[in-house]
Amino acid sequence: MSESTWSPSSIETDRRAFRRSRTVRSAAVSAVSTVVVLGVLGWLITHSAGWPRVQETFFSWDKAVESFPAVLKGLWLNIRLMVVCGLSILVLGLTLAIMRTLRGPIFFPLRLLATVYVDLFRGLPLLLLLLLLGLGVPALRLPNVPTELVFWGAVAIILSYSAYVAEVFRAGIESVHPSQRAASRALGLSNGQTLRHVVLPQAVRRVAPPLMNDFVSLQKDSGLIAVLGAIDAIRAAQIETATDFNYTPYVVAGVLFLCLTIPMARLTDRVARKQGWHGAGGTL
Amino acid sequence: MTGQPALEAPLLSVRGLRKSFGDNVVLDDVDLDVQPGECVVLIGASGSGKSTLLRCINLLEQVDDGVITLAGLDITDPRVDADEVRSRTGIVFQAYNLFPHLTVLDNVTLAPRRVHKVARAEAESRALAMLERVGLAEKARARPDDLSGGQQQRVAIARAMVNSPQLLLLDEVTSALDPELVGEVLDLLGELREEGMTMILSTHEMGFARNVADTVCFLDGGRVLEQGPPAEVLGAPREPRTRQFLSRLVS
Ligand SMILES: Nc1ncnc2c1ncn2[C@@H]1O[C@H](COP(=O)(O)OP(=O)(O)OP(=O)(O)O)[C@@H](O)[C@H]1O
Ligand SMILES: [Mg+2]
């Protein structure tokens, strides 16, 4: 019997109807409860005594429009930092993770180096690194070494984040079952090829969601560079608020950050699903 | 062998079962009855849907059409509690599917303790007895990864049997075993059958099928093409397709 001649029996039609009604019911329940919760929250907030004042200081449309260009300009710095740092962090983090998972006594120095690196840069507060590198290194006035604040700020972020990301990658690498390595080596692939074609693809898939976490948190931490005097979105917003103590620019900056991170999270989910990345999870 | 069990209400009854993956119609129109205490053996080419049928019976796959009744209850009805149904059936997977992060003992005691709420001591003594029975009591503290394929297979059998399920589904349980162990598993299944356990198993080993089965079912083209006592189906198949399949295998 082929697909075209088959039609569901009455029992099956019945089951489908039941499943459909159950789906509709749970969708309705969740829709109604969402609307109710949001409605109640909205009502409580907009009817509170201080609401007109809050609306004026945080959600002033005129102020938003006025501060938007400056905040957007600041955000451009965040975006550039994010892209440059993000890529460097991925490369460095992956290299460190591979160094830490190498086996055999010859690799002891590499392993030691990677371990010390991770311990050190993961342990130091990012703010401290930023100040040390951003203010300390240019002060040395070494020849042929860049003195721009933003450059050293970026270096500090890369050092700190690559230590975190290295551990995420290492967790992924170690979660690949040893039988996978064995199967690959048995086919004649070298250690390096095994890593490249068998272990890393599985490892990276598994750690995609936590990597995404780190990336989003990088976007936000890129603003710390403001302590060195660079003007990012938050700093720009702060400057805007200084004139009249209207905090709307902060809200503008927050919304802009969300506009960056949310599409990216959905995109990773989409890619993960399309490629059948089991364990990549995260569908919302 | 005890021969054909007396006809009573079947423990499991499959009617018009259909299951497809995309355009690939794996099971088209499967009918199957399993009497209490009966041992049914599924044979058929690789990819003929033996594993899929067993997974459907254990509600691990949602069927596209048809009805499966277990002890009088239509288990394909979306209103039934699938977990409750599964806790009454045991399944041994073709790929064992042991939990690598648990010891052998913990693999076997997981369901009794968490699903059936048996106290730890009681669950462990039952599990050890079961492991003893499959000849692996001394491996109770080992991890599945440290066992041989055949040992893992036997742990999986112990894990499925420890709950005393009403129905035991075994997917190619002998594929990883040496002839001696096949003999042991055969003895084990024979004992279980003496105790009245109802079993459905799939296999590619016709000798095994002949020894253990009350009924042999030949799966082909998404249907049970031929079924009957092993002597008939394996010895004197009626359908040309069955003869063709068996001739390749036996010779
Ligand atoms: N999850 C799945 N998604 C898509 N197709 C599947 C899936 N599981 C099984 N199939 C397909 O269903 C068919 C039957 O598979 P099944 O595992 O039931 O065969 P089998 O009879 O157990 O074979 P074997 O003797 O090799 O174990 C195969 O063509 C297979 O490709
Ligand atoms: Mg199979």
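Scanning the stretch B:148-183 for residues that are more than 14 Å from chain A (Cβ to nearest Cβ) and either within 16 Å of ligand 1 (Cβ to nearest atom) or closer than 12 Å to B:VAL104 by Cα (or both) yields a count of 17. Tell me, please, whether a residue that is more than 14 Å from every other protein chain (Cβ to nearest Cβ), outside any strand (DSSP E or B), within 16 Å of ligand 1 (Cβ to nearest atom) and touching a residue at least 60 places away in the same chain (Cβ under 8 Å) can be found in the stretch B:75-91. Taking every residue of the stretch B:75-91 in turn, none turns out to be more than 14 Å from every other protein chain (Cβ to nearest Cβ), outside any strand (DSSP E or B), within 16 Å of ligand 1 (Cβ to nearest atom) and touching a residue at least 60 places away in the same chain (Cβ under 8 Å).
Considering only residues of the stretch B:56-74 that are in a loop (DSSP other than H, G, I, E, B) and within 11 Å of chain A (Cβ to nearest Cβ), which is surrounded by the fewest Cβ atoms within 10 Å (Cβ to Cβ)? Break it down stepwise before answering.
To start, the set of residues in the stretch B:56-74 that are in a loop (DSSP other than H, G, I, E, B) comprises B:58-64, B:71-72.
Right, trim to within 11 Å of chain A (Cβ to nearest Cβ) and you get B:62-64.
Values: B:GLN62: 12, B:VAL63: 23, B:ASP64: 19.
Out of the qualifying residues, it is B:GLN62.
The residues listed here are A:PRO52, A:PRO8; of these, the one that is over 30 Å from the mean Cα position of the chain (by Cα), assigned to a helix (DSSP H, G or I) and of a type outside the set (D, E, K, R) is A:PRO52. Determine whether the stretch B:40-61 contains at least one residue that is at pLDDT below 95 and either over 18 Å from the mean Cα position of the chain (by Cα) or of a type in the set (Asp, Glu) (or both). Within the stretch B:40-61, one or more residues are at pLDDT below 95 and either over 18 Å from the mean Cα position of the chain (by Cα) or of a type in the set (Asp, Glu) (or both). Restricting B:GLY16, B:GLY37 to residues that are surrounded by fewer than 20 Cβ atoms within 10 Å (Cβ to Cβ), in contact (Cβ under 8 Å) with a residue 60 or more places away in the chain and under 26 Å from B:ASP83 (Cβ atoms) narrows the list to B:GLY37.
Would you check if B:VAL63 is more than 16 Å from ligand 2 (Cβ to nearest atom), in contact (Cβ under 8 Å) with a residue 40 or more places away in the chain and not assigned by TED's automatic domain parsing to the domain that holds B:VAL233? So B:VAL63 does not fit the description; no. Counting only strands (runs of 3 or more DSSP E) that sit wholly inside the stretch B:159-251, those with at least 3 residues that are within 16 Å of ligand 2 (Cβ to nearest atom) are B:167-171, B:198-202, B:215-220. Just one of the listed residues (B:ASP214, B:ASP220, B:ASP187, B:ASP145) is within 14 Å of another protein chain (Cβ to nearest Cβ), more than 16 Å from ligand 1 (Cβ to nearest atom) and acidic (Asp, Glu), namely B:ASP145.
All conditions but one from (1) within 18 Å of the chain's Cα centre (by Cα); (2) buried (at least 17 other Cβ atoms within 10 Å of the Cβ) apply to B:ALA140; the one that does not is (1). Report whether or not B:LEU53 is under 27 Å from B:LEU192 (Cβ atoms), in a strand (DSSP E or B) and within 13 Å of ligand 1 (Cβ to nearest atom). Here the answer is no, as B:LEU53 does not meet what is asked. Residues that are more than 10 Å from chain B (Cβ to nearest Cβ) and not in a helix (DSSP H, G or I): does the stretch A:28-38 have at least one? No.
The values are calculated or read from the model by the stated rules, or taken from the named source; none is laboratory data. Just so we're clear, the structure is a prediction, and the values are computed from it rather than from any experiment. Note that each Cβ is placed from the backbone with ideal geometry, even for glycine, and that neighbours are counted across all protein chains shown.
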